[in-house]
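The values are calculated or read from the model by the stated rules, or taken from the named source; none is laboratory data. As the structure is a prediction and not an experimental result, all values here were calculated from the model. Heads up, the Cβs are rebuilt from the backbone with ideal geometry, glycines too, and the neighbour counts pull from every protein chain shown. Calculation scope for accessible area: heavy atoms of the full protein, side chains included, ligands and nucleic acids excluded. Shrake-Rupley method; radii C 1.70, N 1.55, O 1.52, S 1.80 Å.
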Amino acid sequence: MEAGAPKNVATLECSLAKPVYPLISRRRDETGVAYVHFVIGVTGKIESIELQKSSGYTRLDDAALAAMHASTCEPYVENGQPIRAAHTQPYRFTFDD
């Protein structure tokens, strides 16, 4: 792994904001899962956010991205040292929400 490259990890300590299910998407019976990839820095600040895989609906994807932007994380610590870390978070949009 090159110096400074984020390590892909299975879990991060984050307070994830719940996405707002767009009303028009509910009315149109749009459901799906948007996968959002993000990187946190050594301070826990989210450095980058991108849509990794679409739900199939732009409105749902945008809601997932907005939720990730509103989320906060703790630094990822390995061997007592904080390091940059990357994770992919699924946001599920179903009518059970």
Query raised in the report: Among the residues of region 52-59, is any within 19 Å of Lys7 (Cα to Cα) and touching a residue at least 60 places away in the same chain (Cβ under 8 Å)?
Result: no
Query raised in the report: Of all residues in region 63-97, which are in contact with a helix residue (DSSP H, G or I) (Cβ under 8 Å, 6 or more places away or on another chain) and among the polar types (S, T, N, Q)?
Result: Gln89
Query raised in the report: Does Val9 count as out of contact with any helix residue (DSSP H, G or I) (no Cβ under 8 Å at 6 or more places or on another chain), of a type in the set (A, V, I, L, M, F, W, C) and loosely packed, with under 15 Cβ neighbours inside 10 Å?
Result: yes
Report task. List the strands (runs of 3 or more DSSP E) that sit entirely inside region 29-97 and contain at least 3 residues that are open to solvent by less than 60 Å² (accessible area, probe 1.4 Å). Result -> 32-40, 46-53, 85-93
